[in-house]
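To start, the structure itself, in structure tokens.
Read the figures in this text as sums done on the coordinates, not as results from a lab. Note that the structure is a prediction, hence the values are computed from the model and not measured.
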Amino acid sequence: MKAIWIESSKEDLIKAKKKFDIGDFKTVCLLSRKSACKSLISVIYNETKTKERKLEDVFKIFTEKTGKGEDIEEMVDFLSRYTLEEDITSPLLAAHWNGLPTKEEAEKALKYAEKILNYVEELDG
């Protein structure tokens, strides 16, 4: 099951990179968060069968089950900001996001999602 979650995480990163190329930074950040979440789920799913999808909640389960994750906590915190609960055109959500993500934030989100994926892949090896 881990391989399926990892593959799905990689697919989200590929999509995020394509969105970055066309300047859709909001979607880059959302897909990066989704990718990071799937990476973490890949480690804990067989044991927990969690249906949780919020990155911060999945990370909490991950750290409880593995005793690892201190070195990626800052990245998880950054990516957890990008949660789409309703349409981004909502003034409330835009205020929560403090505006739309910048190019720099999208680059950082991509970088962090890739680092989390690599971190998870290296746990076995």
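A few remarks follow.
- Inter-part distance where the stretch 4-30 and the stretch 48-72 are each reduced to a Cα centre, Å: 21 Å
- Sequence-distant lysines (8 or more away, or on other chains) whose Cα lies within less than 25 Å of LYS108: LYS10, LYS15, LYS17, LYS18, LYS19, LYS26, LYS34, LYS38, LYS54, LYS60, LYS68
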